[in-house]
Amino acid sequence: MTANQTLPAAGQAEQLLLFTDVLTIRVPQATTHGQYAIFEEEVPPLGGPPPHTHPDEEIFYILSGSFQFVLHDLSKPFAAEAGSLVHVPSGALHTFKNVGPTAGKMLVLLTPGNLEQYFRQVSTPLRVPARNPT
């Protein structure tokens, strides 16, 4: 991302429906020379992925809601509330679940951001940003 580049307004950013979660792509990997991607993830009550691993490193910043995370050991879940930061190293077994009564929201940083392309392949587009005319 360059210093003079601006992000699309929240209502104009690309959105994907990934299983039960809505992902809003805030900083696409293509704009960072393949170094990272950032998205907002809105998770409904009881929503979240099954335990999994992947090469991308993830950092979750909880914006709102109550989540339960697991990192490495499925028998040791831990709470993550608004303001919490959870780091998931590359290749680590992990999962999360929204354990609150309302939708929760996280800001997620992926490095190097390759998961963004996977999410596009397995999700349903909800909103595609308008392209600038060339």
Checklist entry - Counting only residues that are touching a strand residue (DSSP E or B) at 6+ places or on another chain (Cβ under 8 Å), farther than 23 Å from LEU16 by Cβ and either assigned to a loop (DSSP other than H, G, I, E, B) or at pLDDT below 95 (or both), how many does segment 76-134 have? => result 9
Checklist entry - Looking at segment 42-57, is at least one residue closer than 19 Å to VAL128 by Cα and within 16 Å of the chain's Cα centre (by Cα)? => result yes
Checklist entry - Out of all the residues in segment 32-67, which are touching a helix residue (DSSP H, G or I) at 6+ places or on another chain (Cβ under 9 Å) and either in a strand (DSSP E or B) or surrounded by fewer than 18 Cβ atoms within 10 Å (Cβ to Cβ) (or both)? => result GLN35, ALA37, ILE38, PHE39, GLU40, HIS54, PRO55, GLU58
Item to check | Flag for VAL128 being touching a residue at least 60 places away in the same chain (Cβ under 8 Å), of a type outside the set (D, E, K, R) and in contact with a Ser or Thr (Cβ under 8 Å, 6 or more places away or on another chain) | outcome: no
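Considering only residues that are charged (D, E, K, R) and out of contact with any Phe, Trp or Tyr (no Cβ under 9 Å at 6 or more places or on another chain), which ones fall in segment 71-105? Give the steps one after another, and end with the answer.
Taking segment 71-105 as the starting set, the residues that turn out to be charged (D, E, K, R) are 73, 76, 81, 97, 105.
Hits for segment 71-105 are ASP73, LYS76, LYS105.
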Next on the checklist: Looking at segment 33-82 only, could you name the residues that are over 24 Å from PRO112 (Cβ atoms), in contact with a Pro (Cβ under 7 Å, 6 or more places away or on another chain) and without any contact (Cβ under 8 Å) to a residue 40 or more places away in the chain?
Outcome noted: GLN68, LEU74
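I'd like the full set of residues that are in contact with a strand residue (DSSP E or B) (Cβ under 6 Å, 6 or more places away or on another chain) and not hydroxyl-bearing (Ser, Thr, Tyr), limited to segment 29-41. Spell out how you get there, then give the answer.
Taking segment 29-41 as the starting set, the residues that turn out to be in contact with a strand residue (DSSP E or B) (Cβ under 6 Å, 6 or more places away or on another chain) are 29, 36-41.
Matches in segment 29-41: GLN29, ALA37, ILE38, PHE39, GLU40, GLU41.
The values are calculated or read from the model by the stated rules, or taken from the named source; none is laboratory data. What you see is a predicted model; the values in this text were computed from it and never measured. Because the Cβ atoms are built from the backbone with ideal geometry, glycine has one as well, and the counts that use them run over all protein chains shown.
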